[in-house]
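Undergrad: Handing you this structure, nothing more for now.
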Amino acid sequence: MSDIVLRVRLVGGDSMDVTYSEVETATEAEAIDHVAAVLSSDSGVLRCRHGDRLLLLCARGVSAVEVAPRGAIL
């Protein structure tokens, strides 16, 4: 599975583009379903990259996630 780029809008109104890669899924659609399932729970956390930095994206701080066919611009 290749990386997918997510544009995340935070509760505070800021947005950022993060890269997420899930090795257990075979397709992009399965990865997106996994992201939605994790972030729909209150205690959900995703391990992502923002540039060269590793970050943990907590579900409580996210208000929206956008996935574009070609990905967001990093």
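The values are calculated or read from the model by the stated rules, or taken from the named source; none is laboratory data. If you're wondering where the values come from, they're calculated on a predicted model, not measured in any experiment. Here the Cβ is made from the backbone with ideal geometry for all residues, glycine too, and neighbour counts use every protein chain on show.
This table checks each residue for (1) hydroxyl-bearing (Ser, Thr, Tyr); (2) at pLDDT below 85.
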site: Ser2; (1), (2): yes, yes
site: Arg7; (1), (2): no, no
site: Glu30; (1), (2): no, yes
site: His34; (1), (2): no, no
site: Leu39; (1), (2): no, no
site: His50; (1), (2): no, no
site: Leu57; (1), (2): no, no
site: Arg70; (1), (2): no, yes
site: Ile73; (1), (2): no, yes
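Undergrad: Scan the stretch 40-67 residue by residue and report those that are out of contact with any Cys (no Cβ under 9 Å at 6 or more places or on another chain) and of a type in the set (A, V, I, L, M, F, W, C). Spell out the reasoning first.
TA: Our first condition is that a residue be out of contact with any Cys (no Cβ under 9 Å at 6 or more places or on another chain); within the stretch 40-67, this holds for 40-42, 47-53, 58-67.
Passing the criteria: Cys48, Cys58, Ala59, Val62, Ala64, Val65, Val67.
Undergrad: Restricting to the stretch 1-22, give me the number of residues that are in a strand (DSSP E or B), among the acidic types (Asp, Glu) and touching a His at 6+ places or on another chain (Cβ under 6 Å).
TA: Here is the first cut: in the stretch 1-22, the residues in a strand (DSSP E or B) are 4-10, 15-20.
Remaining after also requiring among the acidic types (Asp, Glu): 17.
Those left that are additionally touching a His at 6+ places or on another chain (Cβ under 6 Å): none.
Looking only at that region, the number is 0.
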